[in-house]
Amino acid sequence: MVSNLEEETPDKEIEHVRKKSTELLEGTRQVQKVATVYGYIFDLSFRCQNQILVCGSYRIKKSFKIRALDFDGKEVMSIRVQKQPNYITQSHDETIFYTSESQQGVQRVKNGTIETITLDSSWKPRGLSCSSDDIIVAEHNEMTNLGRLSIYTSDGERRKIIGAIGSHHELVKPTYVCVNSNSDICTSDEGRQMVFVFISSGDLKFMYKGKKGFKSFTPRGLATDCLGNILIADYINHAIHVIDSEGNFLRYILKDINFPTALAIDDRRRLLLGQYLDASIQVVEYLKPS
């Protein structure tokens, strides 16, 4: 059953939402701010060994690099690429995948070699996320103005397409992607200004349209935590929405956020928040310590 989250939460679900909320701190606390060399941050991902993988652009000069930073902002690795990287992810074996708005296909960085593993002239790849040995890629067709999610192997073989083409649930311009602990696949649709969540088989689980009180809902970066919660960067409203794996709204994270774009969760259950204009990464505690 697909739920419309503009409706009020049914009484029978209130206790479930209350239990999920007990893991959340009453407030949030910024524990660190990681400076970057970028003028704008596009995407980030948490790496092992307390490193943050990040991509962005300079305000003036052009230098196309994906960087790994420690939590003091020190560069510990950089990868020079040919085009501006806009979206990045990393597999469990530390293989890096990225896409570029100015380049077709998904790029793989492995053992110092960069190669294109998918190429479809009709579909532009955008956000992507690794799940087990697969890569889930948000794709947009500029001719039809439709979107889809494609699931590829790490070698670029397409296994499945997700997206209810031809129905009112169809994707238009999916942007960021994440996979939660239930194996649900989540994408923020920039064209329809909502978040779609699909079960692993590809069926639509629910759509989240934001909460009343804001003039607009502009979902961008996504992350998921150990509880299966989905965190959503609301770009224009300078807010992070936290919903559970069933689509129930839990809370906002609103403090000192400047155009949030990219989100990730580190191994200490903290939110890593990449800000577009400020080009810094905030480290935020929002869950109770485990």
If you take the Cα atoms of region 34-181, find Rg, then find the Kirkwood Rh from the mean of 1/r over all pairs, what is Rg/Rh?
0.97
Could you quote the convex hull projected area for the chain, Cα atoms only and averaged over all directions, in nm²?
14.8
So which of Lys74/Lys110; Lys65/Lys215; Lys160/Lys209; Lys65/Lys173; Lys61/Lys160 end up more than 29 Å apart, counting from Cα to Cα?
Lys65/Lys215; Lys61/Lys160
Treat every Asp and Glu Cβ in region 180-285 as -1 and every Lys and Arg Cβ as +1, leave all other atoms uncharged, and give the resulting dipole magnitude about the Cα centre to the nearest 20 debye.
360
Straight-line reach only, C-alpha to C-alpha below 20 angstrom: list the aspartates and glutamates that Lys62 could link to, leaving out same-chain residues fewer than 8 apart.
Asp43, Glu75, Glu101, Asp278
Table column - 3J(HN,Hα) (Hz), region 280-290, Karplus curve with 6.51, -1.76, 1.60, x for Gly and Pro:
10, 10, 8, 9, 10, 8, 9, 10, 5, x, 6
Short version: ³J(HN,Hα) in whole Hz for each residue of region 30-39, in order, from phi by Karplus 6.51 cos²θ - 1.76 cosθ + 1.60 (θ = phi - 60°), x for Gly and Pro, what are they?
7, 9, 6, 10, 9, 6, 10, 8, 7, x
Report P(r) for region 37-115: all Cα-Cα distances, bin width 10 Å, range 0 to the bin holding the largest distance, values in whole percent.
19, 57, 23, 1
Putting +1 on Lys and Arg Cβ atoms and -1 on Asp and Glu Cβ atoms, find which of Phe259, Ala239, Tyr40 reaches farthest to the positive end of the dipole of the chain.
Tyr40
Theoretical ellipticity at 222 nm over the chain - DSSP helices of four or more residues, -39500 (n - 2.57) apiece, nearest 500:
-1000 deg cm²/dmol
Total charge dipole magnitude, the chain, about the Cα centre, Cβ charges on Lys, Arg, Asp, Glu only, Debye to nearest 20:
820
Where the only charges are on Cβ atoms (+1 Lys, Arg; -1 Asp, Glu), what is the dipole of region 131-209 about its Cα centre, to the nearest 20 debye?
240
Can you list the residues, at least 5 places off or on another chain, whose amide H is less than 5 Å from the amide H of His238, using H built in the peptide plane?
Phe259
Loop sites only, by DSSP: take the GluC sites (Glu not before Pro) in the chain that have at most 14 other C-beta atoms within 10 Å and name the longest stretch containing none of them.
158-290
So, how do all the Cα-to-Cα distances of region 158-236 break down into 10 Å bins, in percent, from 0 on up?
19, 52, 27, 2, 0
Under a straight-distance cross-link criterion of Cα-Cα below 18 Å, which aspartates and glutamates are reachable from Lys205, leaving out those fewer than 8 residues away in the same chain?
Glu6, Glu7, Glu8, Glu13, Glu170, Asp184, Asp189, Asp244, Glu246
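Since every read-out is calculated from the coordinates, none of them should be taken as a lab result. Note that the structure is a prediction, hence the values are computed from the model and not measured. Cβ: placed from backbone, ideal geometry, glycine included. Neighbour counts: every protein chain shown.
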